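Read through the structure below, which is laid out as structure tokens, and then see the notes.
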Amino acid sequence: MKRRALLLASLPLPALAATERLKAGVFEPAQAAPEFALKGSDGAALSLARFKGKLVLLVFGFTHCPEVCPTTLATLAQARKQLGPEAADVQVVYVTVDPERDDINRIRQYLTAFDPSFIGGTDTPDTLAAMRKRYGVVAEKIAPKQGNAYGMNHSTSVWLIDRSGKLQAMMPYGHPAKDFVHDLRLLLAAK
């Protein structure tokens, strides 16, 4: 609830427009997705250019997230399964908002539990903050309650980036896998 309000209040990107075609909110006009350069959980440099020719589902989160992140990743894994062979043209990229706890090994282990094809990214706090700013993502540390570990409030949507690197749409948290499958098939069909 608060996370969604934070996201919508912080978006410097064009207003989301309703469309009859996609289930996600569409950016009109589509624009080039901001490039990034991070350390990838697969051991390679992680950048948007690396996936040119594929659809990219960009997610921001953290491995200690109790509900939103695991739900989102499970939904995306289910969507990839439902896509069948078309899933080879879809890459999920998960960028941490908690570099203090999320190192490469932890991110790799976390993502593998959902889908071994998912790739995570991390870097210095400043590099990640700059990337979040370019995407209009909010992330703030929540103070621990009675000695428990801290949490994070963060944007919960999934960014849909087309094969040419254009930011096409943003799917709000809570959509089922079938909505992702619907939108991904439409974007995969567009040449």
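All of the numbers you see were taken from the coordinates with simple rules; none came from a lab. Given the structure is predicted, the values throughout are model-derived calculations rather than measurements. We place every Cβ from the backbone using ideal geometry, glycine too, and count neighbours over all the protein chains shown.
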**Message:** Need the failing condition index for A169 against (1) at positive phi; (2) in contact (Cβ under 8 Å) with a residue 12 or more places away in the chain, just the number.
**Reply:** (1)
**Complete:** Within the stretch 31-65, residues being outside any strand (DSSP E or B), touching a helix residue (DSSP H, G or I) at 6+ places or on another chain (Cβ under 8 Å) and among the basic types (K, R) number 1
**Request:** Report, by residue number, each residue of the stretch 72-106 that is in contact with a helix residue (DSSP H, G or I) (Cβ under 7 Å, 6 or more places away or on another chain), in a helix (DSSP H, G or I) and β-branched (V, I, T).
**Result:** T75
**Prompt:** Among the listed residues Y135, Y150, Y173, which satisfies the condition of being touching a helix residue (DSSP H, G or I) at 6+ places or on another chain (Cβ under 9 Å) and hydroxyl-bearing (S, T, Y)?
**Reply:** Y173
**Prompt:** Can you find even one residue in the stretch 144-164 that is touching a Gly at 6+ places or on another chain (Cβ under 6 Å) and either among the β-branched types (V, I, T) or buried (at least 18 other Cβ atoms within 10 Å of the Cβ) (or both)?
**Reply:** no
**Message:** Looking at the stretch 75-87, I want the residues that are surrounded by 15 or more Cβ atoms within 10 Å (Cβ to Cβ) and have a partner that is aliphatic (A, V, I, L, M) and not in a helix (DSSP H, G or I) with Cβ atoms under 7 Å, at least 6 apart or on another chain. Which pairs are those?
**Reply:** L76/L57; L76/V92; R80/V90; L83/V90
**Request:** State whether the residues of the stretch 155-162 include one that is farther than 20 Å from R185 by Cβ and either without any contact (Cβ under 8 Å) to a residue 60 or more places away in the chain or among the hydroxyl-bearing types (S, T, Y) (or both).
**Result:** yes
